[in-house]
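Contents: one structure, followed by commentary.
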Amino acid sequence: MRIRNLKDEDGLLLTPLIDMIFLVVIFFMLNATLSLNPAIRVDLPPAYTSQAVIEDQIVVTLSRGGDIYIGRSQVSLERFPAELKQELSRLGLRKMILRADEATPYRLVVEIMDLARLSGLEAIALVTARKSMTE
């Protein structure tokens, strides 16, 4: 019977490197999703099940005053379907993220969602703020 000595091999340990790469990826994912459009101030309604958005999507924002934005461009309610269709064809997407201020009238939210579905969207995600269990 032969016994081999296990010898420490010199070289680069990959486990700590992979851990650091995962931490950097998580950092950028969180920062990219939390800053969808910082120029437009929206107070999002809180929800316990809120999740981070990690996909590139079309972002529609409804402000407290009823202003409508596609990305960073402000559009009127009448021009919204045409502008959304143009954005859908340009990006080749069928999903939309809707950021609505918690004080936005429910009627406007439903109208925007209805117009978006008529424009050819397959899915609409609503953005909320994360609510902790202590609140």
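Overview of results
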{"read-out": "The stretch 14-38 residues that are closer than 20 Å to Ala129 by Cβ and part of a helix (DSSP H, G or I), paired with ones that are modelled with pLDDT under 70 and of a type in the set (Gly, Ala, Ser) (beta carbon under 8 Å, 6 or more apart)", "value": "Met29/Ala52; Leu30/Ala52; Thr33/Ala52; Leu34/Ala52"}
{"read-out": "Some residue of the stretch 83-99 being over 27 Å from Met29 (Cα atoms) and assigned to a loop (DSSP other than H, G, I, E, B)", "value": "no"}
{"read-out": "Subset of the stretch 59-87 [within 17 Å of Ala125 (Cβ to Cβ) and touching a Gly at 6+ places or on another chain (Cβ under 9 Å)]", "value": "Val59, Val60, Thr61, Leu84, Glu87"}
{"read-out": "Any pair with Cβ under 6 angstrom, 6 or more apart, that starts in the stretch 92-118 at a residue that is under 18 Å from Arg79 (Cα atoms) and ends at one that is at pLDDT 90 or above and among the aromatic types (Phe, Trp, Tyr)", "value": "Leu115/Phe80"}
{"read-out": "Test for Gly71: is it at pLDDT below 90, surrounded by 14 or more Cβ atoms within 10 Å (Cβ to Cβ), on the phi > 0 side of the Ramachandran plot and within 19 Å of the chain's Cα centre (by Cα)", "value": "yes"}
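The values are calculated or read from the model by the stated rules, or taken from the named source; none is laboratory data. Predicted, not measured: the structure shown is a model, and the values here were computed from it. Note: ideal-geometry Cβ built from the backbone for every residue, glycine included; neighbour counts use all protein chains shown.
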